[in-house]
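Below: the structure, in C-alpha cells.
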C-alpha cells in the first residue's frame, strides 16, 4: 500500500525518501582534501631544507676525494688536470648562488706549464710568495696552503661571466714536481 501524497516515506524525513544530506561529512572531506596535501608540502619543505644542510655537512666531513674529477666537472670548472699527475684529489660544493670545485695534484714542470696554457695563462702570471686560496676555502678541504717555510706562488684567473674564476696556488718546494691547488668558482 502506497503512502498518501505528501506523507513521509520509510527512507527518512526528506521528501522523496532516501537519507538526509550530511553536510558535516562534505565539510570534513573538503577540509581533509585541503589540509592533507598542505601538510605534505610543509613536511617536504622542511625535509628538503634539512636534507641540503645534512648533505653539505656530510660532504664537508668527507673532504677531498682521491682521483680525477669527471670530464664534465673539469670542463665546467675549467680545470684541465694534466695527464700523469699524482696525488690527484677533488671536492665539489654546490648551492643556488655559487658552485666550486677544489682540485689538488702534483705534476711535472711541463705539466704545470701545460695546465696554465690550457686555461689561457702562463707561469709568468704566478706571483712569487702569493697564496690566493683563502683560509676559509683551505679549511673546507683541509689544505695547509700558505704555511711558512714553503715556496709558494699564486694567481687569480678571472674570466668573463659565466666562465669560472680560478684561484691557483702552487707549492714549488720541489720545482721538478710542483703541487698545484685550484679552487674554481662558477656563479650561475
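Observations on the model:
- Restricting attention to the stretch 171-188, the residues that are in contact with a helix residue (DSSP H, G or I) (Cβ under 7 Å, 6 or more places away or on another chain) and crowded, with 16+ Cβ neighbours inside 10 Å total 5.
- If the condition is being free of Cβ contacts under 8 Å to residues at least 60 places away in the same chain and either outside the structural domain of residue 75 (by TED's automatic domain parsing) or part of a strand (DSSP E or B) (or both), then the stretch 160-188 contributes 165, 167, 168, 169, 170, 171.
- Pick from the stretch 64-73, criterion more than 14 Å from the chain's Cα centre (by Cα) and in contact (Cβ under 8 Å) with a residue 24 or more places away in the chain, ranking: surrounded by the most Cβ atoms within 10 Å (Cβ to Cβ): 69
- Conditions (1) in contact with a helix residue (DSSP H, G or I) (Cβ under 8 Å, 6 or more places away or on another chain); (2) not in a strand (DSSP E or B); number of the one not met by residue 147: (1)
- Test: residue in the stretch 88-100 that is in a helix (DSSP H, G or I), surrounded by 14 or more Cβ atoms within 10 Å (Cβ to Cβ) and under 18 Å from the mean Cα position of the chain (by Cα): no
- Residue in the stretch 125-138 that is under 14 Å from residue 79 (Cα atoms) and touching a residue at least 12 places away in the same chain (Cβ under 8 Å) present: no
- Qualifying residue in the stretch 106-116 (condition: closer than 22 Å to residue 64 by Cβ, out of contact with any helix residue (DSSP H, G or I) (no Cβ under 7 Å at 6 or more places or on another chain), assigned by TED's automatic domain parsing to the domain that holds residue 72 and part of a strand (DSSP E or B)): yes
The values are calculated or read from the model by the stated rules, or taken from the named source; none is laboratory data. Note that the coordinates shown come from a computational prediction; the quantities given were computed from them, not determined experimentally. Note that each Cβ is placed from the backbone with ideal geometry, even for glycine, and that neighbours are counted across all protein chains shown.
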